[in-house]
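Shown next, in structure tokens, is the structure this report addresses.
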Amino acid sequence: MEINRSNIYDLVNKCSVRPDKDYGQNFLVEPLIAEKIVDSLELKKDDYVLEIGPGLGSLTHYAFDKCKLDVCDIDSRMIDFLKIFYKEDINYILNDVRKIDVSKYDKIIGNLPYNITTELVTFLLTSSNAKKMVLMCQSEAFNRFFDLSGENYGPVSVLLHLLGESKKVLTVKPGSFYPAPKCNSLVFVFDSKPVVDKETAINVYKMCKSLFLNRRKTILNNLSNYSSKEKAIQVLKELNIGENKRPENISPNDYLKMYQLIKK
């Protein structure tokens, strides 16, 4: 069922599915935007797809007949609502997505709850094997994920760039949702790299979590705490990285090389 501005108020009232702030629910009510988001996933009939937080089915409407689709929502009201319209056409999972096996899906799509966006993206990157993900998040989170310098740059940015390539699809204004959030949202596509040592990438991410804990300290001080000062000096010299640089001044590829040298 298409969700739009004309039917959203009747639906939430008649079906008692008012958005819940605790779940970070904001229902997309622009069909053209919903269709464009789903088109970005480039669905094929044999794709096994997970939709996270389908809500009333704004994206589900454009995806359910194009692939094998599972929808996962923590809110039983949303699952019950979707069952009325889609019956057995899709598989329903009533659970927190962080508690299910996401490794079996080819592709993943979702409008992520704003309150746990970073945690969810990290979970998907480390736990899934999806070759493509199309995700919507708030603009602030997008900057944290994709900036490669400055205060927004951090461990998740490093992990994203080591595991794949990402690009922005579109900006979604607050008025495209019910209720309207207080900020713009951004839709991005993540394509995993065909050949990547995922275990190493995850270990680099864990190392970066340690190195970014004290962002104002030099990379030498942070790296000395992670390994030893002698090793830190040796690694930075070999990589031609200045000892006084800060963690946000170092590229994902240099962090990968740093980890590899430390573990030698």
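Computed from the coordinates by the stated procedures, all read-outs in this text should not be read as laboratory data. What you see is a predicted model, and the numbers here were worked out from it, not measured in a lab. When we count neighbours, we look across all protein chains shown, and the Cβ atoms used for this are built from the backbone with ideal geometry, even at glycine.
Within straight-line reach of residue 263, meaning a Cα separation under 20 Å, sit the following aspartates and glutamates at least 8 residues removed in sequence or on another chain: 197, 199, 230, 238, 243, 254. Going by neighbour counts of Cβ atoms within 10 Å, the residues 3, 37 line up, fewest first, as 3, 37.
Among the listed pairs 45/68; 104/198; 237/264; 14/68, a Cα-Cα separation exceeding 18 Å is found for 14/68. Can you give me the distance in nm between label points at residue 240 and residue 39, each placed 7 Å from the Cα along the Cα-to-Cβ direction? Inter-label distance under the simple model: 4.5 nm. Rounded to the nearest 20 debye, what is the charge dipole size of the chain about its Cα centre when +1 sits on each Lys and Arg Cβ and -1 on each Asp and Glu Cβ? Dipole of the chain, to the nearest 20 debye: 980 debye.
Along its first, second and third principal axes, ordered by size, the stretch 159-264 spans 56, 34, 20 Å in Cα coordinates. Extension gain, residue 65 to residue 217: 0.36 nm times the residue separation minus the Cα-Cα distance gives 49.5 nm.
Have a look at 134, 214, 170 and report the one farthest towards the positive end of the charge dipole of the chain, computed about the Cα centre with Cβ charges (Lys/Arg +1, Asp/Glu -1). Checking the options against the dipole of the chain, the answer is 214.
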